[in-house]
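Just so it is clear, none of the values below were taken in a lab; they were calculated from the coordinates. Quantities reported herein were computed from a predicted structural model and do not represent experimental measurements. Here the Cβ positions follow ideal geometry from the backbone for every residue, glycine too, while neighbour counts run over all protein chains shown.
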Amino acid sequence: MLAQGWMQEFRHDQVIPLTPLVRRLTAPNPGYMTGPGTNAYLVGHRQVAVIDPGVVHQEHITRLVDATGGRLRWILATHTHPDHSPAAALLAERTGAEILGHGGALHWHHDATFKPHRLLTDGDTLSTDEFTLQVLYTPGHASNHLCYLLLEEQILFAGDQVMEGTTVVIGPPDGDMGQYLSSLERLKAEPIATIAPAHGRFITNPQREFNRIITHRLQRERQVYDVLLQQGSIKITDIVRQLYTHLPEALHLPAGFSVYAHLLKLRQDGLACGKGFEGTWSLPEPGKLPSSEGS
Ligand SMILES: [Zn+2]
């Protein structure tokens, strides 16, 4: 999580060149859920795309304006969680750049201020004479989650699909574990050399990372299933207490959402029975099909 040394490396007042085409400016919103802060990536020089402008913080927005020096063409969001897209409107106002993303706010916890000028879908490309970004629709962490693949450098701007050194929260109903795992499988087939996460450093062995996450999630799913097997019926908060013994109390709620996401996937697969975040969950009764209505 918030490791020592990160605050030095992820200075919020400096644009860091990472590759010939990519620079990073980390927003000043460090925390348990955001690591050193949300990375805004600047792609290109003659015409610039900013991916995930971040939170509304005047100095951060001014730094983005200064770093793009009148050449900002596109403001891209990977998704509309409140640490990723809220700066888009102000940045567009100050630069005239076009806002692009998969769609507006879908759930109460999304950024309702995000109003894309143009919607992107899977397979779209954004090209300048310097670079091409390919749009990949990767639902799971959020239902409107996009990744952007910089073809020239094979860098995947992964948003919250992957985070450095920690596990991404999948919070139903907008988050969906089955979709999340499918999105990871899909990314494994793409020509990616480096993952640029919204939180943390570059990850340079994408295949290993995707496999690690998939394995971890399937292990967690198995553990949730085993708790149901042992306990008969149980509430999500008690599953969290059993499975996340070393997790700080502050992270029990997001962990609970991940457990909920696993339970919904197990229910979809016919391996669990129950309803709602507050409800009681169990194995399906023998000979009875599990309930699939509602969540
Ligand atoms: Zn997110």
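Taking the C-alpha atoms only, the angle from helix 177-188 to the longest principal axis of the chain is near 50 degrees.
Axis of helix 252-268 versus longest Cα principal axis of the chain: the two differ by about 70°, to the nearest ten degrees. Considering only GLY276, GLY171, GLY103, the Gaussian network model of the chain with Cα springs below 10 Å gives its largest mean-square fluctuation to GLY276. Go ahead and run the numbers for FRET between GLN223 and GLU152, Cβ-Cβ distance against an R0 of 41 Å, rounding to 0.05. It comes out at approximately 0.50.
Annotation: amide H-H contacts under 5 Å for GLU98 (H modelled 1.01 Å from N, sequence separation of 5 or more, or interchain): TRP74, ILE75. Residues whose amide H lies under 5 Å from that of ALA272, counting only those 5 or more places away or on a different chain, are ARG267; hydrogens are built 1.01 Å from N in the peptide plane.
Rounded to the nearest whole Hz, the Karplus-based 3J(HN,Hα) values (6.51 cos²θ - 1.76 cosθ + 1.60, θ = phi - 60°) of region 145-152 follow the sequence 7, 10, 10, 10, 9, 7, 5, 4, with x at glycine and proline.
Close amide H contacts of LYS235 (hydrogens built in the peptide plane, cut-off under 5 Å, sequence separation of 5 or more or a different chain): TRP281.
For the chain, a Gaussian network of Cα nodes joined below 10 Å ranks VAL162, VAL50, VAL227 by mean-square fluctuation, and the top entry is VAL227.
Report the number of Lys pairs in the chain whose alpha-carbons are under 28 Å apart, with separation of 8 or more residues or on distinct chains.
Working: LYS188/LYS265; LYS235/LYS265; LYS235/LYS275; LYS235/LYS288; LYS265/LYS275; LYS265/LYS288; LYS275/LYS288.
For the chain, qualifying lysine pairs total 7.
Estimated from helices alone, the mean residue ellipticity of the chain at 222 nm is -9000 deg cm²/dmol (sum of -39500 (n - 2.57) over DSSP H runs with n ≥ 4, per residue).
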